[in-house]
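**Student:** Attaching a single structure in structure tokens format; questions to follow.
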Amino acid sequence: MEAKAYLKYARISPRKVSVVLDLIRNKPVDLAMAILKHTPKAACEDLQKLLKSAIANAENNHDMDVSKLYVAECSVSQGPILKRIRPRAQGRAFRIDKKTSHITLVLKEMEN
């Protein structure tokens with residue numbers, strides 16, 4: 001049995017999120033939460049909230065034991081890009097791409 005949580009349209013680049021996801025993959029949820037709390041990355045705040053949501057889903061929807069949960073799968077994919085224009089010299093314009101992310105977190109119980 002598994003519990004999932006999704007965060008869609010997060011206003012952070014998928015590349016920045018994947019660095020943090022690599023830190024918590026296959027870790028117990030209490031250790032993953034501690035890693036997210038003490039890692040100084042922009043993605044950690046959103047991922048902490050997402051992990052809490054996944055834990056709540058596991059506990060309330062699937063009657064899973066919170067002490068046995070671990071991060072089984074976590075992935076990020078690119079969402080739509082917000083395109084913005086930056087004025088430059090001599091009437092030119094440079095485009096700025098504001099990337100978004102779709103993040104998926106899957107928790108499972110450890111087999112003892």
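**Student:** Only one of (1) touching a residue at least 60 places away in the same chain (Cβ under 8 Å); (2) more than 15 Å from Lys108 (Cα to Cα) fails for Met33. Which number is that?
**Tutor:** Condition not satisfied by Met33: (1).
**Student:** Something else now. Among the residues of segment 82-112, which ones are over 30 Å from Met1 (Cα atoms), out of contact with any Leu (no Cβ under 9 Å at 6 or more places or on another chain) and in a loop (DSSP other than H, G, I, E, B)?
**Tutor:** Result: Arg88, Arg92.
**Student:** Next question. Within segment 64-81, restricting attention to residues that are modelled with pLDDT under 95 and either part of a loop (DSSP other than H, G, I, E, B) or touching a Gly at 6+ places or on another chain (Cβ under 8 Å) (or both), which residue is surrounded by the most Cβ atoms within 10 Å (Cβ to Cβ)?
**Tutor:** By that ranking, first place goes to Met64.
**Student:** I would also like to ask the following. Looking at (1) in contact with a helix residue (DSSP H, G or I) (Cβ under 8 Å, 6 or more places away or on another chain); (2) of a type outside the set (Phe, Trp, Tyr); (3) modelled with pLDDT under 95, which is the one condition that is false for Asn61?
**Tutor:** (1)
The values are calculated or read from the model by the stated rules, or taken from the named source; none is laboratory data. Predicted model, so just to flag it, every value in this text is computed and none were measured. Positions of Cβ are backbone-derived with ideal geometry, glycine not excepted, and every protein chain shown enters the neighbour counts.
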